Number of protein chains: 2
Amino acid sequence: MKTIGIGQLAKEVGVPIDTVRHYERIGLLQPATRLASGYRRYGEAEQKRLRFIRRGKALGFTLDEIDELLALSAGRNVQSIRKSASARLTDIERRIEELNRVRDSLRQLIAACPGHGRAEACPILNALSEDAKP
Amino acid sequence: MKTIGIGQLAKEVGVPIDTVRHYERIGLLQPATRLASGYRRYGEAEQKRLRFIRRGKALGFTLDEIDELLALSAGRNVQSIRKSASARLTDIERRIEELNRVRDSLRQLIAACPGHGRAEACPILNALSEDAKP
DNA sequence: CTAAACTCTGGACCATAGTCCAGAGTCAAT
DNA sequence: ATTGACTCTGGACTATGGTCCAGAGTTTAG
């Protein structure tokens, strides 16, 4: 089997070397083998796995979730994978809603702020300084 | 001046006691004074400041940004405050865009997944396992 | 006065995802 | 053979925002 070193793996997948070692430390990605010198060697499978991790992160999964996904994937449990992805979707939708609310508040505040003059007339400060408890 | 203890402050503003102490440790909120026993006492100003912090967080500002905002607020520098809020808005808009992309990807993947059958037919797994480098 | 409730300190620890380092050893190309 | 590039380990450190703890001391209500 053709194997590559950690530097080449990192370069080809587009992940920092330290991050590859980090993934190993947390049990997410083990090298296929080691040279007598201790140098890590990776094969096709590890390369795929690392790409899987990278894509999972791009989709907003945490490393723990990716670990889970990889386990499910190995078990070829399509139903669980679908469920996991759905949970992720719900979470992301909730976060988007939250951010939308924040964005709207900020937009209003900024639009209402003249950008000069008395601090008392700045709605941004006022919003943060309100006496009301909410 | 009427002052209150840390417990009452935490309760009234709706923040855990430990968090109030944490804010003190990082230099964000100092008690107005201390009793001879060392007990912290907070006045109106501190209560306002803590509410300011709480609202800032709700708007998605980091504690560092809130610190900055408080300094600008003390300096009553309306222009800087507006700029800071605008930067925050831009950041939030960018994050929303990112999340929207992720959400769309997940939706497509989930919609295309039958939820059963061969793993090879699961588009979620396929998306994560693609041989292509992107 | 006593008992319950509150508060003090300083440091450790949590999760998340890395990032960096020194000092030693190894590999590859010339 | 030598040089330059690469890799090893393990632990410390980064940032963010808390959260918890023990053991001692203080305040307050009955």
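FYI, it's all coordinate maths here, none of it is from the lab. Computed from a prediction, not measured in an experiment: that's the story for all the values here. Cβ coordinates were reconstructed from backbone atoms using ideal geometry, including for glycine residues, and neighbour counts include every protein chain displayed.
Some notes on this structure:
- Ellipticity at 222 nm from helices only: DSSP H runs of n ≥ 4 in chain B, each -39500 (n - 2.57), divided by the residue count, give -21000 deg cm²/dmol.
- In nanometers and ordered shortest first, the copy-to-copy spacing of the B:Gly117 label point, defined 7 Å from Cα toward Cβ, is 6.4.
- Working from Cα pairs under 8 Å separated by at least six residues, relative contact order for chain B is 14 percent.
- Straight-line cross-link reach from A:Lys11 at under 17 Å between alpha-carbon atoms covers these aspartates and glutamates, not counting any fewer than eight positions away in the same chain: A:Glu24, A:Glu44, A:Glu46, B:Asp131.
- Peptide B:114-123 is shielded by partner chain Cβ atoms: per residue, an average of 4 of them sit within 10 Å of its Cβ.
- Helix A:78-112 axis, angle to chain A major axis (alpha carbon atoms, nearest 10°): 30
- Each other copy places its own label point for A:Ala45 at 6.6 nm from this one, sorted shortest first, where the point lies 7 Å along the Cα-to-beta carbon line.
- Gaussian network model of chain B, springs between alpha carbon atoms under 10 Å - residue of B:Ser37, B:Ser105, B:Ser73 with greatest fluctuation: B:Ser37
- Contact order, relative form, for segment A:1-59: 37 percent (alpha carbon pairs under 8 Å, 6 or more residues apart, mean separation divided by residue count).
- For segment A:97-129 and segment A:9-69, distance of Cα centres in Å: 44
- Position B:Arg21, label points 7 Å along Cα→Cβ, spacing to each other copy in nm (shortest first, one decimal): 3.7
- Tensor-based shape of chain A (alpha-carbon gyration tensor, a/c under 1.5 rounded, otherwise prolate or oblate): prolate
- Taking 23 Å as the limit for the C-alpha separation, the pairs A:Lys83/B:Lys57; A:Lys57/B:Lys83; A:Lys57/B:Lys57; A:Lys57/A:Lys83 exceed it in the case of A:Lys83/B:Lys57; A:Lys57/B:Lys83; A:Lys57/B:Lys57.
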